[in-house]
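Report on one structure; see the data block that follows.
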Amino acid sequence: MKGIFNIYIIVLIAVSMLSCNSKKETSSPETASKFYTDSIFSSQLAENRKHNVYLPTGFNRETKYPIIYATDGSNTIENSFYKLLLDSLIDNQIMKPVILIASHSNSKIADSTSSATGDGKKVYLQYRNFEYVNRQPTRPEDSLLVNRFRNHIIYFKDELISHVENEFNQKIDKTDRYFYGVSNGAGFGLSLLHAYPDKIGTYICLSTFGGNIQNNLWKSNVAYPDLYLQYGSDEPWFLKEEADFLKSTYAELNLHAEIKEFNDGHDYNKWQEAFTETIITLFKI
């Protein structure tokens, strides 16, 4: 762990240097890494969906790369965390080159919801909440949301993945596909892991909210994907309970899972640290 921590400190210094010298070009335009936003039309969701694309330095369509498929893509392109981090790790030969795809959620407010806090204040949930968590709405006024979870999971596993791998000529299988998500995005990942275990080979899930973890039937004859899961010591108690359940289930099924607690709460900075630590482990040269 000390070695991983030291590598992480080196990466943070490198990322800071990259940020301060972002105008300094070290690669030709043809070989430099790229980070941009693209979109496809989803027939499942009947709308255009955006996703971020990271291509490593020297990307070659004839080369096979591992691909990380993430949730919660961002509109931030310049000085993106993903680009700065991956450039530093890859260009300094700390990890192998990868492609990263971060799918955007739909942030539109789902006005028909009736969720409320304890004091009666209405909670305006986004479409994202119904895409990542199977809330199973049934009211007539929720008609646009009834199949949102199912349609989004099909969009992600079939439409997005197929588009990306055709676009970049990546003839890969589950062993070269990785998932990354945090909070509800991680819960969506665990739903995908359980329902479609042959699609993606490795999952990184941090501070997981959702996923119906303990209510799912975990079959002894299914080879569920490798799982790297972390949760915070200051997060709600049920995250630890579900993490312990997954740790026990994976052990009983003789499958690979690395599950641990970090010292903090529901925090992006801790998620970035955990993501960095995990991809260094997974893609170390």
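The values are calculated or read from the model by the stated rules, or taken from the named source; none is laboratory data. Keep in mind the model is a prediction, meaning the values are calculated, not measured. Glycine also receives a Cβ, built like all others from the backbone with ideal geometry; neighbour counts cover every protein chain displayed. Areas reflect the complete protein model, heavy atoms only, side chains present, ligands, DNA and RNA absent. Shrake-Rupley method; radii C 1.70, N 1.55, O 1.52, S 1.80 Å.
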Inset, instruction - Mind giving me the FRET efficiency for Thr138 and Lys171? R0 is 45 Å, r the Cβ-Cβ distance, nearest 0.05 is fine. - result: 0.60
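Relative to 2.2 N^0.38 Å, what does the C-alpha radius of gyration of region 139-285 come to as a ratio? Two decimals please. Show your work: numbers first, answer last.
Values: Rg = 15.9 Å, N = 147, 2.2 N^0.38 = 14.7 Å.
Region 139-285 yields a ratio of 1.08.
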Inset, instruction - Give me the angle, in degrees from 0 to 90, between the Cα long axis of helix 2-20 and the longest principal axis of the Cα atoms of the chain, rounded to the nearest 10. - result: 80
Inset, instruction - With label points built 7 Å along Cα→Cβ from the Cα atoms of Lys122 and Ser233, find their separation and express it in nm. - result: 4.1
Inset, instruction - Could you work out how far apart the two model spin labels at Glu47 and Asn75 are, taking each label as a point 7 Å from the Cα in the direction of the beta carbon, and quote it in nm? - result: 1.4
Legend entry - Phe81, Phe275, ranked by accessible area, largest first (probe 1.4 Å): Phe81, Phe275
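Heavy atoms only, probe 1.4 angstrom, no DNA, RNA or ligands counted: give me Ser162, Ser88 ranked by accessible area, highest first. Write out the running numbers ahead of the final one.
Numbers: Ser162 55, Ser88 0 Å².
Sorted by accessible area, descending: Ser162, Ser88.
As a test of the formula, what do you get for the chain when each DSSP H run with n ≥ 4 contributes -39,500 (n - 2.57) and the sum is divided by the residue count, at 222 nm and rounded to the nearest 500 deg cm²/dmol?
Values: 8 runs with 94 residues, N = 285.
Result for the chain: -10000 deg cm²/dmol, rounded to the nearest 500.
How many percent of DSSP beta bridges within the chain run antiparallel, rounded to 5? The partial results should precede the final answer.
Details: 16 of 40 bridges.
Here the share of antiparallel DSSP bridges comes out near 40 percent.
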Legend entry - Cα-based Rg / Dmax (Å) for the chain: 19.2, 58
Legend entry - About the Cα centre, charge dipole magnitude for region 163-285 (Lys/Arg +1, Asp/Glu -1 at Cβ), debye: 360
Inset, instruction - For the chain, build the charge dipole from Cβ charges (+1 Lys, Arg; -1 Asp, Glu) around the Cα centre, then report which of Gly210, Ile109, Pro236 sits farthest towards its positive end. - result: Ile109
Inset, instruction - Quick one: order Asp264, Asp87, Asp119 from most to least accessible surface, probe 1.4 Å. - result: Asp119, Asp264, Asp87
